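Peer 1: Following this message is one structure expressed as structure tokens.
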Amino acid sequence: MSLMLKNTINGLDKILFDEIPKGSVILVTGAEGTLKSGLVFSMMTNYIAANDEHGLYVTLEQNVESHLRNMNSLGIKEEGGLHIFDYRDMRLEWMDSELDLIKTTEEVIDSYKEKYDNLTLFALDSLNALYSISEHGNMRNKIYNFFSRLRDEELTSFLIMESAQSRISGQFSQFHQIEHFLADGTIELGMIEGKGGVKRYIQILKMRATKHAMEKHQLTIGDNGINILGPIY
């Protein structure tokens, strides 16, 4: 039975009323510890498990084993059709040099698309790590071309980006970052202090061609993984 992305996490259809258009580039932003990687990985694994498609999850911050341990601790299981690629060996080899990781990532995508004709999902974890170890010349144009390339490949893409935020306040610094302008959607995860203590939240700030809620909704971890509850306010 096929499954839409908006139904991949319990409660996601409370805030995402329509399906995300195929080929969209979605930013998933938030401070450390707000479940950005868990949200994306959970959406991808559940979608892949229910559809005859493949996905590629590229991680620059962790190796495959560490990433899977973290996901298992959240109740998120590995799915065979979701392929994980990490840059561990490449980074060790080139540790004294700058890499054009955007170009390299495009080549990795090409390689997996040659193996799997039905590669439809892509994730990069994270943009911050990519920037920190990449050549910085003309980065604005490189990001524009990278986003365009992902759309041309018809990959529904999730780009994780850690944001400058107080962990508890829920107030993000307002920067006119090129990624936010170029992305088709922005999903913000955060922590906010309210009645009953600190709560994690999810909020869809933008999703082109898709009806969605605007309120912050509570994000929790249960025995069955990540769940989205009602509005916080």
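Peer 1: Which pairs in the list Lys77/Lys142; Lys6/Lys77; Lys77/Lys115 are over 30 Å apart, alpha-carbon to alpha-carbon?
Peer 2: Working: Lys77/Lys142 34 Å; Lys6/Lys77 19 Å; Lys77/Lys115 23 Å.
Pairs exceeding the cut-off: Lys77/Lys142.
Peer 1: Which one, Glu179, Glu78, Glu65, has the greatest fluctuation when you compute a Gaussian network model over the chain with C-alpha springs under 10 angstrom?
Peer 2: Glu65
Peer 1: Please state the Cα pair-distance histogram of the range 119-160 with 10 angstrom bins from zero: what percent is in each bin?
Peer 2: 26, 54, 19, 0
Peer 1: Project the alpha carbons of the range 5-231 onto their principal axes and report the range along each, largest first, in whole Å.
Peer 2: 49, 39, 35
Peer 1: So if the hydrodynamic radius of the range 2-114 is defined as the Kirkwood radius over C-alpha pairs, what does Stokes-Einstein give as its diffusion coefficient at 25 °C and 0.890 mPa s, in µm² per second?
Peer 2: On the way: Rh = 15.7 Å.
D = 157 µm²/s.
Peer 1: Stretch His180-Lys22 to full length: gain in nm at 0.36 nm per residue minus the Cα-Cα span?
Peer 2: On the way: separation 158, 0.36 × 158 = 56.88 nm, distance 1.85 nm.
Working it through step by step, the gained length comes to 55.0 nm.
Peer 1: Using a Gaussian network for the chain with springs between C-alpha atoms less than 10 Å apart, which of these wobbles most: Ala31, Ala209, Ala123?
Peer 2: Highest fluctuation among the options: Ala209.
Peer 1: Can you give the FRET efficiency to the nearest 0.05 for Tyr116 and Lys206, using r as the Cβ-Cβ distance and R₀ = 25 Å? Can you show the working numbers first?
Peer 2: Details: r = 30 Å, r/R0 = 1.19.
That gives a FRET efficiency of 0.25.
Peer 1: In a GNM of the chain with a 10 Å cut-off on Cα contacts, which of Leu12, Leu205, Leu39 has the highest mean-square fluctuation?
Peer 2: Leu205
Peer 1: May I ask what percent, to the nearest 5, of DSSP beta bridges between residues of the chain are antiparallel? Display every interim value, and only then the final one.
Peer 2: Details: 20 of 49 bridges.
Rounded to the nearest five, the antiparallel share is 40 percent.
Read-outs: derived from the displayed coordinates by stated rules, not from any lab. Please read all numbers here as calculations on a predicted model, not as lab measurements. Cβ atoms come from the backbone with ideal geometry, glycine included; neighbour counts cover every protein chain shown.
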